[in-house]
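Student: Before we start, here is the structure in question, set down as structure tokens.
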Amino acid sequence: MNTNKILCAVDFSPCSQQALRVAARLAKRSDAELVIAHAWQLPAIGFEGDFVFPVMVRDQLVEDTKRGLEAAVHEVADLGVQRVSAQALNGVPWHEVVKLLEDPTYQLVVIGTHGRTGLSRVLIGSVAEKIVRHAPCSVLVVRPDGEPQTFKHVLCPVDFSASARQAFELAAELARAERAEVTLLHVLELPVPYSGEPFSAEFARDLDQRSARLLDKWAGEMASTSSVPIKTRTRIGWAGAETLAVLDADRSIDLVVLGSHGRTGIKRILLGSVAEKIMRHARCPVLISRRRGSDD
């Protein structure tokens, strides 16, 4: 991936360790600088009334953070990353990470879905979700299970919006670097007339054929710049559900790359409903493409 600097936000949980290894692999492959960040915050209740956290508690947190980051830096260096550094942050974790990402040299942040406070019944942790929503750059969300191996099969759902175009270009770039195959997917969501009567089968078939032709055009563009295998698929239904169905049916897919908004995206909403649905329920890592300064 063409990145100047990659940020990996960690809390030293097993899931964030998984994210760190993925970030290290990407940084090594693209010769990017990797910055490892950890943010800590004392609970607000510690400053209420007469009770104040003892100084030794704060000092222990600072020391633990220092040791954890040093260990992470050594691990990444052992994995072959040439440029690696660490940042200790003090404050609300997601906010401190997003603030750090205001540096325009960061093009990607890698995070785990769950931290130390993650619950098994929750599909993505609150810190991770807030970073995804507010980060000004692309975000790779890594699951706690599986091995951080090279991606072999990338699924890129597109709705032909500007945001999808950005995701398409990112997927092509990553597939070239990882030597992965790519499946371009378009889900045709048929409009529902006011009468409630479904459109004719001929109308649906015509839209499906148009979608297939446009997908073939995009695939041709990708093929002209790389030698990675490319497939196209169209489905009819709701985009989020159909994308997840494709993931369940094809277990070779090990990464989803998609835009943060589709054609129905609203500027004031930082993450589209389809992207959020896929991010929450996908069984594999999800890369949310977001270009700095984009209003899509």
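Student: Please compute the net charge surrounding ARG283, taking Lys and Arg as +1 and Asp and Glu as -1 over other residues with Cβ under 10 Å from its Cβ.
Tutor: -1
Student: Here's something else I'd like to know. Using modelled amide H (1.01 Å from N, peptide plane; none on Pro or chain starts), what sits under 5 Å from the amide H of ARG235, excluding residues fewer than 5 places away?
Tutor: Under 5 Å from the amide H of ARG235 lie the amide H atoms of HIS186, VAL187, LEU188, each far enough along the sequence or on another chain.
Student: Just to be sure I understand the model, the point goes 7 Å from the Cα along the line to the Cβ. What's the resulting LYS231 to SER252 distance in nm?
Tutor: Using points 7 Å along Cα→Cβ, the separation is 0.5 nm.
Student: For ALA9, list long-range residues whose amide hydrogen, built 1.01 Å from N in the peptide plane, is under 5 Å from its own amide hydrogen.
Tutor: ALA37, VAL110
Student: Report Rg(Cα)/(2.2 N^0.38 Å) for the stretch 123-192, keeping two decimals.
Tutor: Rounded to two decimals, the normalised Rg is 1.30.
Student: For a protection proxy built on the mean count of beta-carbon atoms within 10 angstrom, sort 73-84, 30-41 highest first, please.
Tutor: Answer by packing, highest mean first, reads 30-41, 73-84.
Student: Would you mind checking the pairs LYS28/LYS231; LYS152/LYS231; LYS28/LYS217; LYS99/LYS152; LYS5/LYS28 and listing those with alpha carbons more than 22 angstrom apart?
Tutor: Cα-Cα > 22 Å for LYS28/LYS231; LYS28/LYS217; LYS99/LYS152; rest within.
Student: Rank by packing, highest mean first: peptides 203-216, 247-260, with packing defined as the count of other Cβ atoms within 10 Å averaged across residues.
Tutor: 247-260, 203-216
Student: What is the set of long-range amide H partners of VAL182 at a cut-off below 5 Å, with H atoms built 1.01 Å from backbone N?
Tutor: Result for VAL182 returns VAL154, ILE230, LYS231.
Read-outs: derived from the displayed coordinates by stated rules, not from any lab. No experiment lies behind these values; they were computed from the predicted model shown. FYI the Cβ positions are ideal-geometry reconstructions off the backbone, even for glycines, and counts take in every protein chain you see.
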